[in-house]
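Colleague: Just passing along the structure, written as structure tokens.
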Amino acid sequence: MTRLIPIITVKLANHSTIKFRFQSCMDFPSFCDVQSPQDTYYRTGVKFQVAQDAFHVVVRGLVERELDLEYSDFISGKLGPLLDVTPIVPSFTGIATPVSSLLEIIQPLAESTHAVFHASDDFQAVLPKADLQNAYLLFQQEDKPLKKGFPVRLLVPDGHSECLNVKSVVKIEFVQTDPGQKAEFGFRNTVSPEEL
């Protein structure tokens, strides 16, 4: 899960500003108004800043080798070639690595039929393993981690829908399901008893 650090910016009556930084969202107050000692304040905004160590993508499920991936794993090229994505998917810019290269490293088990790409907002896409040969993980734009779609974005150039280009992928899970199931996407609609 992406770790965010809440920051409250307060503009005081004398036009100076104070920033309050919290260690986690759990420490974040339920209100945004912060009073100065003189009880004069103006709330100017709340911003959530991505923590430096927040880049984390896990690979789990029916694979020989599970992985916990960080930004350095992607930019080092150890997950596969670093490709300019624009010639592949003209509506995007940045650097991506082919999912097919990742498959060589993790070695999905023979019984796995699909990969589920889980986003940080509970959106997910389920793709047959065969479709992964032409899929990419976009992880960098302008020599930095993604601003939109952080930490990685799945790109499926030959997919039947733009919604297969899942942003903010935090988990890739290999599963066994009906081998004939086509690619699908949507928000997760099951809740475990622990989540109630």
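Colleague: Across the stretch 120-155, what is the total count of residues that are out of contact with any Pro (no Cβ under 7 Å at 6 or more places or on another chain) and more than 24 Å from SER76 (Cβ to Cβ)?
Modeller: 10
Colleague: Confirm whether ASP73 is without any contact (Cβ under 8 Å) to a residue 24 or more places away in the chain, in the same structural domain as SER168 (by TED's automatic domain parsing) and assigned to a helix (DSSP H, G or I).
Modeller: yes
The values are calculated or read from the model by the stated rules, or taken from the named source; none is laboratory data. From a predicted model like this one, the values you see are computed outputs, not experimental measurements. Virtual Cβ from ideal backbone geometry, glycine too; neighbours counted across all protein chains shown.
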